[in-house]
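The values are calculated or read from the model by the stated rules, or taken from the named source; none is laboratory data. Predicted model only: the values in this text are computed from it and were never measured. A quick note on method: Cβ atoms are made from the backbone with ideal geometry, for glycine too, and the neighbour counts reach across all protein chains shown.
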Amino acid sequence: MGCAIIGCGKSLPALAVANDDLTQLVDTSDEWITTRTGIKPRRIAVGETNVDMAEAAARQAMGLVEGGYCEAPIDPESIDLVVYSTCTPDVLVPSCAALVRRRLGLVNAVAFDVNAACSGFIYAMSVAESMMASSALGVAGAGRRNKVRRALVIGSERLTRITNWKDRTTCVLFGDGAGAAVLGAGKKGNPLALSFSTSPDVAALDVPGLAGTSPFAGTGRPASRLSMDGRRVFRFAVAAICDAVEGLAAKAGIAVADIDHLVLHQANERILAAAVKRLGIDDARVARTLRDTGNISSACIPLALDRLARAGELEDGDLVALVGFGAGLDIGACLLRWK
Ligand code: COA
């Protein structure tokens with residue numbers, strides 16, 4: 001048995017913040033942000049929580065409301081698993097996945113969160129896929145209990161809660177939002193290839209500051225705010241994307257040029273352009289959401305998938321490569337057939 005994506009959805013918060021708006025906070029300009037990153041507005045959650053956005057994206061992916069991609073509404077009771085990727089949860093306990101389960105009435109689903117920063121959606125999907133595969137093999141699931149036939153996979157982030165609004169080198173890059181996908185039964189051998197790798201460098205992108213919150217732990221840093229060495233991450237990202245895509249193609253026995261759609265984590269337009277050039281892939285095959293959303297960490301990939309699916313650009317049998325990369329530094333990639 002294999003699996004396939006049978007639903008996609010997304011949710012963006014109401015507030016759109018333009019590059020010009022950011023000039024009130026830091027010494028920057030629309031011209032700098034546009035040419036160096038490709039980002040125009042980003043959305044910022046003010047009234048919406050992380051779980052609010054995830055719930056809305058999941059409702060679309062399950063066809064319970066309009067606005068997503070889903071061939072037929074999916075019965076909430078048929079969802080056996082929720083894997084929720086986030087590095088900016090509203091609360092640590094219970095998991096955001098458990099909160100979404102309650103809101104959507106997913107009474108049969110086991111639910112948990114994963115945090116692999118910007119590559120988190122790929123890891124969440126891989127965990128779901130392997131639980132489905134072991135369930136199909138009979139390794140997991142006795143009777144009805146714990147059988148995993150359908151999984152809701154979510155990437156949802158409120159990155160602007162950990163953004164350092166005094167640091168112009170990072171605050172212009174990030175935004176908030178959620179994407180979701182439902183995995184169901186698919187053709188044998190799908191996905192075709194997975195790739196997990198790391199280039200351990202935790203200092204390149206981190207959110208320090210939890211030290212010091214205990215009165216016994218010393219002073220530490222007072223607040224958790226994102227810090228990053230942009231150039232270091234940039235170089236890593238371009239090399240990591242190329243390595244992952246070439247690895248997926250080799251594993252599946254296809255040429256890179258055979259890939260119909262390349263869905264990359266949306267960090268910077270120049271990262272996308274450099275990787276695409278190095279891979280020699282037709283630029284029209286590369287999904288882009290960055291311009292309208294900024295970098296939303298693990299929500300980027302499901303958001304881009306949702307956009308492609310709704311636009312009718314994904315045809316049955318198309319080869320789709322997904323590549324996430326980010327803090328860690330970790331990379332996760334997946335090559336699948338659309339249906
Ligand atoms: N507005 C105006 N000027 C800015 C600026 C801003 N928002 N941010 C940085 N600058 C300035 C710098 O201070 C520097 O000035 P200086 O030359 O006087 O020192 C100049 O612009 C160039 O800075 P540099 O860091 O070399 O720019 P860059 O071309 O590397 O672009 C990033 C910076 C952060 C956009 C880019 O490195 C990047 O996108 N890296 C990857 C980050 C990322 O995607 N992380 C998440 C991965 S999951």
### Query
Across the stretch 224-271, which residue is nearest to Gly155 (Cα to Cα) among those that are outside any helix (DSSP H, G or I) and away from the ligand (no atom under 16 Å from the Cβ)?
Leu262
### Task
Look at Ile301 and say whether it is within 16 Å of the ligand (Cβ to nearest atom) and either in a helix (DSSP H, G or I) or under 25 Å from Thr35 (Cβ atoms) (or both).
yes
### Summary
Reported set for the stretch 85-127 where residues are assigned to a loop (DSSP other than H, G, I, E, B) and within 16 Å of the ligand (Cβ to nearest atom) is Thr86, Cys87, Thr88, Asn115, Ala116
### Task
Could you run through the stretch 309-323 and say how many residues are crowded, with 19+ Cβ neighbours inside 10 Å and either among the hydroxyl-bearing types (Ser, Thr, Tyr) or not in a strand (DSSP E or B) (or both)?
2
### Message
Yes or no: the stretch 87-100 includes at least one residue that is polar (S, T, N, Q), under 30 Å from Gly317 (Cβ atoms) and in contact (Cβ under 8 Å) with a residue 60 or more places away in the chain.
### Response
no
### Query
Based on what the data block shows, is Asp201 within 11 Å of the ligand (Cβ to nearest atom), farther than 29 Å from Ala57 by Cβ, at pLDDT below 95 and not small (Gly, Ala, Ser)?
no
### Query
Of the residues Val172, Val182, Val148, which is farther than 28 Å from Ile259 by Cα and at pLDDT 95 or above?
Val172
### Task
Mind counting the residues in the stretch 256-274 that are loosely packed, with under 15 Cβ neighbours inside 10 Å and closer than 14 Å to Leu336 by Cα?
1
### Query
Is it fair to say Ala72 is among the small types (Gly, Ala, Ser) and without any contact (Cβ under 8 Å) to a residue 12 or more places away in the chain?
yes
### Message
Step by step: first the residues of the stretch 151-169, then only those that are more than 15 Å from the ligand (Cβ to nearest atom) and at pLDDT 95 or above, then the one that is farthest from Asp21 (Cα to Cα). Which residue is that?
### Response
Ala151
### Query
Quick one: what pairs do we get from the stretch 127-140, first residue small (Gly, Ala, Ser), second crowded, with 17+ Cβ neighbours inside 10 Å, C-beta under 6 Å, 6+ apart or different chains?
Ala128/Leu81; Ala128/Val83; Ala128/Ala151; Ala128/Val153; Ala128/Leu183; Ser135/Gly141; Ser135/Lys147; Ser135/Val148
### Message
Among (1) in contact (Cβ under 8 Å) with a residue 40 or more places away in the chain; (2) in contact with a strand residue (DSSP E or B) (Cβ under 8 Å, 6 or more places away or on another chain); (3) not in a loop (DSSP other than H, G, I, E, B), there is one condition Gly328 misses while meeting the rest; what is its number?
### Response
(3)
## Note on the structure
Exactly one of Ile33, Ile44, Ile39 is within 12 Å of the ligand (Cβ to nearest atom), in contact with a strand residue (DSSP E or B) (Cβ under 9 Å, 6 or more places away or on another chain) and farther than 30 Å from Asp80 by Cβ, and that residue is Ile39
### Task
Out of Val256, Val276, Val238, report the one residue that is closer than 29 Å to Thr160 by Cα, in contact with an Asp or Glu (Cβ under 7 Å, 6 or more places away or on another chain) and either of a type outside the set (Gly, Ala, Ser) or at pLDDT below 95 (or both).
Val276
### Message
Testing Leu81 on (1) touching a residue at least 40 places away in the same chain (Cβ under 8 Å); (2) within 16 Å of the ligand (Cβ to nearest atom), one condition comes back false. Which one is that?
### Response
(2)
### Task
Can you tell me which residue among Arg307, Arg278 is farther than 22 Å from Ser156 by Cα, charged (D, E, K, R) and away from the ligand (no atom under 11 Å from the Cβ)?
Arg278
### Query
Here are some residues: Lys277, Lys251. Which one is closer than 27 Å to Asp30 by Cβ, surrounded by fewer than 22 Cβ atoms within 10 Å (Cβ to Cβ) and not β-branched (Val, Ile, Thr)?
Lys277
### Query
Looking only at residues in the stretch 18-40 that are closer than 16 Å to Trp165 by Cα and touching a residue at least 40 places away in the same chain (Cβ under 8 Å), which one is surrounded by the most Cβ atoms within 10 Å (Cβ to Cβ)?
Ile33
